[in-house]
Every structure is written in structure tokens, then in C-alpha cells.
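The values are calculated or read from the model by the stated rules, or taken from the named source; none is laboratory data. None of these values were measured; they are calculated from a predicted model. Cβ sites come from the backbone with ideal geometry, for glycine too, and all protein chains shown count toward neighbours.
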């Protein structure tokens, strides 16, 4: 880890062990959002040499190669990651309250940027991966594609309600209180 590592840009990757909701489980504390990033053998070797905490899945069948993976943390404290859901129609940025949608999404592709955090504790050191940016392209079925161009009336209604609510904050009622001295007299109760 002599050289300062830079964020990694990875395209068309596979993710596993999705826990964007931060659910408690056998390998996860409540509130810890994370996922596993599958890493090809050559990249895994290079990343291990740099100090990344690469782990290996047990082979499913005898003779299968080991599958390298990296735990990536998703942290919304401080500077939150950008997580985008992409469909043929649009892209939508997910905030902390919506990012759990990724846990159950049917994913076609994932492109992401992970940032390294170098740590040293009790003489041990390593690198923890944090999500910086992620674009998740959703696998769309026939009906998703068929109705992709149909307007979402709920979104239009919400937009109009907000526009109407905030376009005239005074509801057309503005009272002229006269000059500044008269206004101050009213504030003082004279």
C-alpha cells in the first residue's frame, strides 16, 4: 500500500449478497448496507497485492474454480453515494430511503465506482471498499417495454399539486402595512 490507491471504475460487473436495506443477518449488523462484488481472477490477484480485502466463495461443485469477491460498503453518512436505477425509459437517483429497491431488482448490468479506504488497527492494515457511484440497469420484461411510454399519472399529479401549492405562497392576499415605522409600531404593539 505504498502508493495511494485511486477509486476503481468497473463496468458490467455482477453483484451478490445485496443488502442495501441494511438488514441484520448472520454476516451483517443491523444498519450496515453493503453488497458483494464478484471479481475476475486476474483483477483479484492485483487487488489482493494492493491490499484490498478479497475473499473467495467455496466452489459449488468439485473442480470449479474459486470465485473471488469483495465486500463493498454503502454509507449514506457524510457524502452519500450516487445510486441510479436505469430503464429503457429513464434513470432515477435513489436516496437512502429508496436504495433498498436494489435488493430485489432484476438486474441486467451494473457499472460502478468504488473508493478505497486504507485502515490500520492493532498492527493490521487493509483496504475497505466504499461505493461512490453505481448505475444499475434493470432487466425489463415484455410488459415493462410495452408500457414504457405510457405516462405515469401519479407523478404528474404530484408535480401539479406541488406547483399549485408553491406558485403563490400568499394565496393572492398581500396586505400593505405602510411605511417601516408603521410596521415597527405594529410589531411593538403600539
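Examine segment 38-56 for a residue that is within 16 Å of the chain's Cα centre (by Cα), surrounded by 11 or more Cβ atoms within 10 Å (Cβ to Cβ), part of a strand (DSSP E or B) and modelled with pLDDT of 95 or more, and state whether such a residue exists.
Looking only at segment 38-56, we keep the residues that are within 16 Å of the chain's Cα centre (by Cα), and these are none.
No, segment 38-56 has no match at all.
When the residues of segment 105-135 are filtered to those that are touching a residue at least 60 places away in the same chain (Cβ under 8 Å) and farther than 20 Å from residue 9 by Cβ, which remaining residue is surrounded by the most Cβ atoms within 10 Å (Cβ to Cβ)?
126
Please enumerate the residues belonging to segment 49-81 that are without any contact (Cβ under 8 Å) to a residue 12 or more places away in the chain and within 18 Å of residue 130 (Cα to Cα).
Listed by number, the residues that qualify are 77, 78, 79.
What about residue 22, is it in contact with a strand residue (DSSP E or B) (Cβ under 9 Å, 6 or more places away or on another chain), within 18 Å of residue 131 (Cα to Cα) and assigned to a loop (DSSP other than H, G, I, E, B)?
Working: in contact with a strand residue (DSSP E or B) (Cβ under 9 Å, 6 or more places away or on another chain): yes; within 18 Å of residue 131 (Cα to Cα): yes; assigned to a loop (DSSP other than H, G, I, E, B): yes.
Answer is yes for this residue.
Might you check whether a residue that is in contact with a helix residue (DSSP H, G or I) (Cβ under 7 Å, 6 or more places away or on another chain) and farther than 20 Å from residue 96 by Cα occurs anywhere in segment 8-31?
Taking every residue of segment 8-31 in turn, none turns out to be in contact with a helix residue (DSSP H, G or I) (Cβ under 7 Å, 6 or more places away or on another chain) and farther than 20 Å from residue 96 by Cα.
Let me spell it out: the conditions are (1) in contact with a strand residue (DSSP E or B) (Cβ under 8 Å, 6 or more places away or on another chain); (2) modelled with pLDDT under 95; (3) surrounded by fewer than 13 Cβ atoms within 10 Å (Cβ to Cβ), and residue 88 meets all of them except one. Which number is the exception?
(1)
Of all residues in segment 136-145, which are in contact with a strand residue (DSSP E or B) (Cβ under 9 Å, 6 or more places away or on another chain) and loosely packed, with under 15 Cβ neighbours inside 10 Å? Working first, answer last.
First, the residues of segment 136-145 that are in contact with a strand residue (DSSP E or B) (Cβ under 9 Å, 6 or more places away or on another chain): 136-140, 144.
Answer for segment 136-145, where residues must be in contact with a strand residue (DSSP E or B) (Cβ under 9 Å, 6 or more places away or on another chain) and loosely packed, with under 15 Cβ neighbours inside 10 Å: 139, 144.
Can you tell me which of 70, 131 is within 18 Å of residue 32 (Cβ to Cβ), touching a helix residue (DSSP H, G or I) at 6+ places or on another chain (Cβ under 9 Å) and modelled with pLDDT of 95 or more? Write out each step before concluding.
Working: 131 fails: touching a helix residue (DSSP H, G or I) at 6+ places or on another chain (Cβ under 9 Å).
Answer to the check: 70.
Is at least one residue of segment 136-151 within 21 Å of residue 32 (Cα to Cα) and at pLDDT 95 or above?
Initially, segment 136-151 is screened for residues within 21 Å of residue 32 (Cα to Cα), giving 136.
Still in the list and also at pLDDT 95 or above: 136.
Yes, that holds for at least one residue.
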